[in-house]
Structure formats: structure tokens, C-alpha cells
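To keep things clear, I will list the structure first and then write my remarks on it.
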Amino acid sequence: MSSLKGKDILHGNQFSKKEIETIIKTASEFEKELKKKDSLTLLRGKILATLFFEPSTRTRLSFEAAMQRLGGGVISMGSVESSSVAKGETLTDTAQTVAQYADVIVIRHPRMGSAKEVADAVSIPVINAGDGAGQHPTQALLDLYTIRKELGTLKNLSITLVGDLKNGRTVHALVEVLSHFGVRFYFVSPDLLRMPEEVAVRMKEKGCEVIETDDLVMAASKSDLVYMTRIQKERFADLSEYEKVKGSYIIDREFLDRLKKKITILHPLPRVDEIHPEVDSYPGAAYFRQMRNGVFVRMALLAMILGKR
Ligand code: NCD
């Protein structure tokens, strides 16, 4: 039985290396099974509730698809306006209500620490699908799964993370899960959007090499993979600050030509202007394969949390 049974998924740093390896293995088994069958019956009778207080396309839909591929059901709070949140209900009251109807909750909320608050308030497992500029641990696991699949290994990799490293919850979670594998990181950002100091320090303590720079061509030409991110406009209190940094880094054909080598490109999406659509046909552009992997990884997590793997 999985060590994740009954557990919350709140932070990228909560997993042991062994747990990460088990999640990857389980996800890959589900990927194979879905080649033979459209859906499985492992979670028949179980209900997942999705509670999204911020926009989402991939995360919510891939969680819902994952639950349904496992034979389970899904209930969703349509929108904040259509629920009692609009009448002033607190987050924990809403969560306690949902916990009466479902076996597991997936929550996305703009406030950092909100998923933990909900997890403390309810007795069923809670999965953090993004808490403000905090964490996004299930995205990190699907990113890791994608990196292993695209590059064939997680050992001795050089990885460039670029864009909004200050506010990007995907990169905050990804470095945590990657830190078990002795990665060399290039953190590429405008000065205003640097990776929080304590994260860079912790990565070094965990034995990773960290190089901070604003030179994307240099970093990418020394890396196996570039992880691009969107500048998180919604996290800026002052939009004139956003105007200063928007469009800082753009991957287009001209950029790829300058690298003089093939590189793998990931992006959690949505993109604004940071990857030109002309790059989509480039063999190393893996971001559409990456989003598909989200279903397999979320299937693995749901099956493990609900004690069926
Ligand atoms: C990201 C998110 O919501 O944090 N998207 C995702 O979950 N795939 C990235 C973003 O919004 O920039």
C-alpha cells in the first residue's frame, strides 16, 4: 500500500525520493493501461471535488479526466459567483461542506497557504492545485515525469528555469522535486523576478548547483532542458512593474538557431508571448506532450491517496 494513502498533497518538498519514483512508476503503468482501454474501474464509487477559486484549464480538466479514467466521479463548484462564497461563506466552511460530499478535494486559491488551511479543516485528503505564488506540487510531478520521459533520465541534468521565478508556483514546486536528483540549475529571470533567496539557498544545501543569470542564451546552450514560464501578471500589485518586465524572454525560431543544438522545451502553460507558436513544430517542443502526462500522473496520485495502489 502506498505511503501516500490518506495524505494531503500540499508542497513539493513533502515527497521522499522513493515516493517520487513510485509515483512515476505508477503513472507510467496507467499510461500503458490507457493504451489498451479507455478507462479503468479502480476508483469506482469514489468522488473527487474540484474547488477552483482561480482560472484553470489544464489542471482542473486533467484532474477530472484522471478521476473519470479511473472510474470515479467528479463534482465541481461551478464558479465563485454561483456558490455560497458569493454570499460571504468562508473558505473553511465551504471546504467542510464539500468534504461531506466527496472523498478527496482538489483546490486552487489565490492565497498562499490556503490549501494547508483547508487540509487542516477537513478530514479527507486535500490536493493543492496552486495556492497563489506558493506551490503547485502535482504540476511539479507531471513536469518531472515529462522530463524523465523526454530525456530518458533524471540524473546529471542541467536545467534552465526561466521567467517569473519570484511568483511562479510551478517552478517553486519543481525545484523541490528535482532537488533529489542532483541537478545543475540555471535560474534565468529579470532582476525583479528572481527566485526567492531561501529557495536558491536550500537547493544548494541539497547538493544542487545553482547559477543565477539574466542571460538565457548562455544558460540554454549549457542545458539539457529549458522550462519556460509566464510572467504572473495577476501577482503584481503595481502594473507599471509588470510593464517593465513583460516580454523579457521569448523563445522563437531565431533563438533556437542561436543555440546550435537541439534542446527540450517545457512550459506549464498558458503562454502569453514567451514561446512563439512557430516553435510548436520543433521536435524538442514538449509542452503539449507535457500536459497530456498530467492525466497519468494525477491518476497515480488519486489511486495512491485513496489507497488503491
Ligand atoms: C500554471 C499555474 O496555474 O500555476 N498553469 C498550470 O497549472 N498548468 C502556470 C501559469 O498560470 O502561468
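Points to keep in mind about this one:
- On the basis of the beta-carbon distance and an R0 of 41 Å, residue 184 and residue 75 show a calculated FRET efficiency of 0.40.
- The chain - mean residue ellipticity at 222 nm from DSSP helices (-39,500 (n - 2.57) per run, n ≥ 4, rounded to 500): -12000 deg cm²/dmol
- For the chain, the longest principal axis of the Cα atoms and the long axis of helix 137-151 meet at an angle of about 50 degrees.
- The residues of region 137-290 expose on average 42 square angstrom of accessible surface per residue, using a 1.4 Å probe on protein heavy atoms.
- Linear extension gain, residue 86 paired with residue 18, 0.36 nm per residue minus alpha-carbon span: 20.2 nm
- Listed residue pairs exceeding 32 Å between alpha carbons, taken from 155/308; 18/244; 87/246; 37/166; 149/244: 18/244; 87/246; 37/166; 149/244
- GNM on the chain, alpha-carbon springs under 10 angstrom: the most fluctuating residue among 132, 73, 247 is 247.
- Once the Cα atoms are used to define both axes, helix 91-101 deviates from the longest principal axis of the chain by about 60 degrees.
- Positive-pole candidate from 88, 163, 61, dipole of region 51-210, charges at beta carbon: 163
- Cβ-based net charge around residue 197, under 12 Å, with every Lys or Arg adding one and every Asp or Glu removing one: +2
- Lys/Arg +1, Asp/Glu -1 at C-beta; the chain dipole; positive extreme among 227, 1, 16: 1
- Estimated FRET transfer efficiency (residue 3, residue 205; beta-carbon r; R0 35 Å; 0.05): 0.90
- Accessible area of the chain belonging to carbon and sulfur atoms, whole % at 1.4 Å probe: 48
- Taking only the Cα atoms of the chain, the radius of gyration and Dmax are 19.1, 57 Å.
- Check: the chain dipole with +1 on Lys, Arg Cβ and -1 on Asp, Glu Cβ, in debye: 1360
The values are calculated or read from the model by the stated rules, or taken from the named source; none is laboratory data. This one's a predicted model, so the numbers in the text were calculated from it and none came from an experiment. No Cβ is skipped: glycine too gets one built from the backbone with ideal geometry, and neighbour counts run over all protein chains shown. SASA here: full protein model, heavy atoms, side chains in, ligands and nucleic acids out. Shrake-Rupley method; radii C 1.70, N 1.55, O 1.52, S 1.80 Å.
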